[in-house]
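A quick write-up on the structure given underneath.
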Amino acid sequence: MSNILDSKIPEGNLNEKWTKYKSSVHLVNPANKRSLEIIVVGSGLAGSAAAASLAEMGYKVKCFCFQDSPRRAHSIAAQGGINAAKNYQNDGDSTYRLFYDTIKGGDYRAREGNVHRLAEVSSSIIDQCVAQGVPFAREYGGLLSNRSFGGTQVQRTFYAAGQTGQQLLLGAYSALERQVGMGQVKMYSRHEMLDVVTIDGKARGIIARDLVTGKLERHFGHAVLLCSGGYGNVFYLSTNAMGSNVTAAWKAHKRGAYMANPCYTQIHPTCIPRSGDHQSKLTLMSESLRNDGRIWVPAKKEDAEALRNGTLRPTQIKEEDRDYYLERRYPAFGNLVPRDVASRAAKERCDAGYGVNATGEAVYLDFFYNMTEKYGRTEATKKGIENPTAAQLKEFGAGVIKEKYGNLFDMYKQITGVDPYEEPMQIYPAVHYTMGGLWVDYNLMTTVPGLYALGEANFSDHGANRLGASALMQGLADGYFVIPYTIGDYLADEIRTKAISTDHPAFVATEKEVEDKIQKLLNIKGTKSVDHYHKRLGKIMWDKCGMARNAEGLKSAIAEIQQIKAEFWSNVRVPGEANEFNQELEKAGRVADFIELGELMCKDALERNESCGGHFREEYQTNEGEALRDDVNFAFVSAWENQEDGWKLHKEELKFENIKIAARSYK
Amino acid sequence: MKINLKVWRQKNNKAKGELKDYKVDHVSPDMSFLEMFDVLNEDLITKGDDPIAFDHDCREGICGSCSMHINGRPHGPLAGVTTCQLHMRSFKDGDTIVVEPWRAGAFPVTKDLSVDRTAFDRIIAAGGFISVNTGNAQDANNLPIGKEAADEAFMSAACIGCGACVAACKNASAMLFVSAKVSQLALLPQGQPEAKMRVMAMVNQMDAEGFGSCTNTGACSAECPKGIDLSNIARMNREFFSANLTGK
Amino acid sequence: MNWISTFLKSSIGKKLLMGLTGLFLCTFLIVHLTGNLQLLKHDGGLAFNTYAVFMTTNPLIKFVSYGLYAIILFHAFWGLYLVMENKKARPVQYAAYNGNANSNWSSRWMGVLGTIILAFLILHMWNFWAQYKFGTVPYTQYERNLATGEVTFSPFTGEIAGKMEKFIDNQSGIEVTIVKDLYIVVADGFKAWWLVIIYVISMAALSFHLVHGFSSAFQTLGVNHKKYNALIKNIGVGVFGIIIPILFAIMPIYFLLLN
């Protein structure tokens, strides 16, 4: 066990750790806060919340985002909701239950201390957001409404229609803009962080590129917070925004921050399948659809072929020729098995040749049965019709379905051109969230002193698999309620550090490195576009480091990625200049980092000889094809250190003192 | 499909721009409008030309980045969708499509089809918030809010800040954007203490940014991808009158 | 009172002035129409001429009318100023702009429609107001039989003090009214077909202006509620967009056909 990986979990009882920590952590007095500068990179839930909260406390904050406005960060796209252990529904929820569900959902690969703290502050997040004017859904009595989400037995999810992420982000964004208006935060939109500046081993600032003018800028900070999100775009196709990238985290990694559990990737089972090679991103269809949709593929291969070349419509396939494979394999949970299980089962069928669209990568999500038999018949009974016709059943049922999922059905039709009231939806799993990220201790500090990682950018709370509605919770917990305390622990010792001039040799040298790299990219003047390499990388990652992995595939993936890296650096074509608004140049830098990250992900996946959560190694499964965890040998966090000649693995052992480890079963 | 494009090209804010003709072959009806631009850009890069700059990010209709004025309409021919959700099946083989950036003095062109919308951020910074520091909140359910008011506030809060309202308005007015935020907070009890200051400050900033004034044509609401209603503007007017008449 | 000037300098304050003056002008239209409808009475112009005298001599009405002129001018020029201001908000125009897809034609052409109406008003004032006030207008003597209500009239060539004289001959039971005859000016004026066409076109412009203007003023005032929006819209279209302009337009057509 390496000494450097001190998680700094406070001593004591699990449910007293955070309280005790808060009352004993070092504080910075108000006068000193005014002379301490903090850089926040990213303006999503974690970034906006942190920037606003720290500015409110009196720190001088600079916030950076690559989008044209902080409000566009990809947190905005989260649909479902945010968990909090409020127990407003009186259904037995508690901090402990939320903690327990999160650890279990994460397949016992998360830290108890961090997760318990997350569950503790979850409740305050809702209070804070409501005070900010976030319009959560409410009951007629005026109190907050909750819904249930996968993997839990209580209703603890707060939501704002299907736009919860948007509303929470706009709340944090307005708090941020308030501080901008007061001059406490200086906002740098359309700025991309391209390196961390370290002086005497501590993070002291960043090099950022003004994306409009192309000018490189040096910014000093007593501490640097990376709130730059996840790296799902390493797969090229994902539900992430086009601009989501790993660059900030990767540069930090190159400067000494360890990358933890990079192979843990969450694949969401219900996304709209890609329609062809032009596909640029994937769109999520809410998981709630699985409540009323039945998932199937044809039982006969010849039918699947006919569907693929368009000579057969799904509605023509008889009931007995359909394979409702989830209901077949998991009779107890059926179509409602957890995300990872549903995703793998779809891949298994498609790999076996039963995929239903031209790309061979799609299965059906069919509402017909529930529309007619469940809702149609109930409605007919309500209307007093004894022997409804098939047309009546469909009409009545469609009305109910429209009420429940109308906007999703419309969106599906908008994107695919197919009316899901008439034909089953096509769905396929897609990369959705990355549980891995920069290694951080209890303070959210990386292995570089003064450099922090918050939200999806860190690895800390979701273990090997994230539960639905927990990403928003973690981003806001880190930003609003954790970092304002934990940063004091570090900054209290920095009050004597005067602002360092950006003419310091470390700034000059780092800027030079960034500039050289940009020039290098521009000067290759090869023949292939950045996207060409990104697509190739994505395909390798998806095929060999996606839903299911095996040692052989991973080894060949590493070799292929190294090949892509060599080709990229010798034959990529980046048009335009450095000193202008150059979106291809931005992409080139990001893809260069994705290529390196891809290799590490494969390496990490190869190292982890077990299956857990989002990491499924084909060699490690039960006879029935379920994930087989190895708690004896792999109950640790993999933290990778970047070294001259490759990566070095450090292990942080996970101790479960409050939860009994058990196998997950959904049979 | 084959598509002919007339696209606004402008190197930067200072440069003069012009419409340029492009042809895109092999367009699939299943492509989104932006994916069609990806294909065109790929082609331009391979040929050694400068690709077309345009703003986009989430490509699922919620981030508000995409901002193309297509055949004379913000976000193109369909109601209630952003450019990223517009698909090529809405066009015919051989169509000529004119694509321009949002046009407004307050939205200067950054490059090609990309514009600077930070004016919106400054309006929010002027007052589009509730002043509550982290950690000061009471229990969320201590403040019951009627479902109707909450739902209405949500409808106003659904604004994605894309700027289509400004782009559509013949006066390049930002009233729909500003009123959506004013309304959201005016409808909620939490927003009351600062209501007067807020509307005055936001309208003031809106005017200072150089947006035009509202003449109630309704184009903004008709083109809004989230269907923000004109009643928001009426509410803001009321709020503004009452703030002026009874405020400090 | 600093807040008033600040308020009026704001974009919302500026348009409030347009809305308020516009609504005032709408009420004026009703009054003006009611008076002018006397033209259609078969009394040789007695009622209309009496009304004209009342409108030009009653001190209160005179006072209001000067206010009206001021408001018309204000509404017109403030509107044009705002059009110019709003133009500045979009320095570079679109090459393609499909306004019809998202808004009514009339709502986007209020400035042009208003300018047509302003031009019309100048012509209209010249045709009648200026003639009545500064031109040579003949006098007519009306005799009304109080028992039967029958009215006869003939040109009056003598002189009277003021615009009208009225007395009752008790013996014959006849009410005699000698009055400045604007009616004949109107009747003569609309013999010219081209003038009638201008008037009718102007009323069309007024119609389109009010179809948008009336309900728009309520929106500006902040009156927008699901329950009442349809009512406001219908009054705007039905009363101010159709009935009032048509009734106004009927008058010149009536006189043209009468000849």
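The values are calculated or read from the model by the stated rules, or taken from the named source; none is laboratory data. It should be emphasised that the depicted structure is a prediction, and the values quoted were computed from it without experimental measurement. Don't worry about glycine lacking a Cβ; one is built from the backbone with ideal geometry, like all the others, and counts go over all protein chains shown.
Of the helices (runs of 4 or more DSSP H) entirely within the stretch B:117-227, those holding at least 3 residues that are closer than 17 Å to A:Arg178 by Cα and either at pLDDT 95 or above or not acidic (Asp, Glu) (or both) occupy B:118-127, B:175-187, B:195-208.
Take the conditions (1) part of a helix (DSSP H, G or I); (2) buried (at least 20 other Cβ atoms within 10 Å of the Cβ); A:Glu403 misses just one of them, which is (2). Inclusion of C:Tyr228 among residues that are free of Cβ contacts under 8 Å to residues at least 12 places away in the same chain and among the hydroxyl-bearing types (Ser, Thr, Tyr) is warranted. In the stretch A:521-550, the residue that is nearest to the other protein chains (Cβ to nearest Cβ) out of those that are of a type in the set (D, E, K, R) and free of Cβ contacts under 8 Å to residues at least 40 places away in the same chain is A:Arg536. The set of residues from the stretch B:18-53 being in contact (Cβ under 8 Å) with a residue 60 or more places away in the chain, in a loop (DSSP other than H, G, I, E, B) and within 8 Å of another protein chain (Cβ to nearest Cβ) comprises B:Ser28, B:Pro29, B:Ala53.
The combined condition, being of a type outside the set (S, T, N, Q), in a helix (DSSP H, G or I) and touching a Cys at 6+ places or on another chain (Cβ under 8 Å), is fulfilled by A:Ala51.
Here A:Phe64 does not fit the description of being surrounded by fewer than 24 Cβ atoms within 10 Å (Cβ to Cβ) and among the aromatic types (Phe, Trp, Tyr). Scanning for something among the hydroxyl-bearing types (Ser, Thr, Tyr), more than 13 Å from chain A (Cβ to nearest Cβ) and surrounded by fewer than 24 Cβ atoms within 10 Å (Cβ to Cβ), does the stretch B:176-194 turn up at least one residue? Taking every residue of the stretch B:176-194 in turn, none turns out to be among the hydroxyl-bearing types (Ser, Thr, Tyr), more than 13 Å from chain A (Cβ to nearest Cβ) and surrounded by fewer than 24 Cβ atoms within 10 Å (Cβ to Cβ). Within the stretch A:82-122, the set of residues being part of a loop (DSSP other than H, G, I, E, B), acidic (Asp, Glu) and at pLDDT below 95 comprises A:Asp91, A:Asp107. Of all residues in the stretch C:202-218, those satisfying the criterion of being in contact (Cβ under 8 Å) with a residue 40 or more places away in the chain and more than 14 Å from chain B (Cβ to nearest Cβ) are C:Ser202, C:Met203, C:Ala204, C:Ala205, C:Leu206.
May I ask you to verify whether A:Tyr364 is part of a helix (DSSP H, G or I) and either over 28 Å from A:Asp277 (Cα atoms) or not assigned by TED's automatic domain parsing to the domain that holds A:Met547 (or both)? Judged against the criteria, A:Tyr364 is not a match. Here the condition is being over 23 Å from the mean Cα position of the chain (by Cα) and surrounded by 19 or more Cβ atoms within 10 Å (Cβ to Cβ); of C:Asn224, C:Asn259, C:Asn229, it holds for C:Asn224 alone.
For the stretch B:122-139, the candidate set comprises residues that are crowded, with 21+ Cβ neighbours inside 10 Å and touching a Phe, Trp or Tyr at 6+ places or on another chain (Cβ under 8 Å); within that set, the residue that is farthest from A:Val121 (Cα to Cα) is B:Ile123.
Restricted to strands (runs of 3 or more DSSP E) entirely inside the stretch A:215-323, those with at least 3 residues that are within 22 Å of A:Gly614 (Cβ to Cβ) are A:265-271.
Being assigned to a loop (DSSP other than H, G, I, E, B) and at the interface with chain B (Cβ under 10 Å from one of its Cβ atoms) is not true of A:Thr152. Candidates in the stretch A:628-644 are the residues that are touching a helix residue (DSSP H, G or I) at 6+ places or on another chain (Cβ under 7 Å) and within 13 Å of A:Lys254 (Cα to Cα); of these, the one that is surrounded by the fewest Cβ atoms within 10 Å (Cβ to Cβ) is A:Asn642. For the stretch B:91-116, filtered to residues that are farther than 22 Å from A:Glu584 by Cβ and of a type in the set (Lys, Arg), the residue that is farthest from the other protein chains (Cβ to nearest Cβ) is B:Lys92.
For (1) in contact with a strand residue (DSSP E or B) (Cβ under 7 Å, 6 or more places away or on another chain); (2) farther than 30 Å from B:Pro74 by Cβ, each residue gets a yes or a no:
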{"site": "C:Leu68", "(1), (2)": "no, yes"}
{"site": "C:Phe74", "(1), (2)": "no, yes"}
{"site": "C:Trp78", "(1), (2)": "no, no"}
{"site": "C:Asn98", "(1), (2)": "yes, no"}
{"site": "C:Leu118", "(1), (2)": "no, yes"}
{"site": "C:Gln141", "(1), (2)": "yes, yes"}
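Within the stretch A:417-436, being closer than 30 Å to A:Ile103 by Cα and either assigned to a loop (DSSP other than H, G, I, E, B) or touching a Ser or Thr at 6+ places or on another chain (Cβ under 8 Å) (or both) holds for A:Ile427, A:Pro429, A:Ala430, A:Val431, A:His432, A:Tyr433, A:Thr434, A:Met435, A:Gly436.
For the stretch B:220-238, filtered to residues that are under 16 Å from B:Val182 (Cα atoms) and facing another protein chain (nearest Cβ under 8 Å), the residue that is surrounded by the fewest Cβ atoms within 10 Å (Cβ to Cβ) is B:Arg238.
Restricting attention to the stretch A:498-542, the residues that are polar (S, T, N, Q), under 20 Å from A:Ile207 (Cβ atoms) and surrounded by fewer than 16 Cβ atoms within 10 Å (Cβ to Cβ) add up to 3. Whenever a residue of the stretch A:401-420 is more than 20 Å from A:Arg377 (Cα to Cα) and among the basic types (Lys, Arg), its partners that are surrounded by fewer than 20 Cβ atoms within 10 Å (Cβ to Cβ) and modelled with pLDDT of 85 or more, lying with C-beta atoms within less than 7 angstrom and at least six residues away or across chains, give the pairs A:Lys413/A:Asp419. Residues in the stretch B:1-55 that are of a type in the set (Ser, Thr, Tyr) and surrounded by 20 or more Cβ atoms within 10 Å (Cβ to Cβ): B:Ser32 alone.
With the requirement that a residue be touching a helix residue (DSSP H, G or I) at 6+ places or on another chain (Cβ under 8 Å) and not in a strand (DSSP E or B), what does the stretch A:183-203 give you? Across the stretch A:183-203, the qualifying residues are A:Gln184, A:Ser189. Of the residues C:Asn98, C:Asn104, which single one is closer than 30 Å to B:Ile97 by Cα, facing another protein chain (nearest Cβ under 8 Å) and touching a residue at least 40 places away in the same chain (Cβ under 8 Å)? Checking each option against the conditions leaves just C:Asn104.
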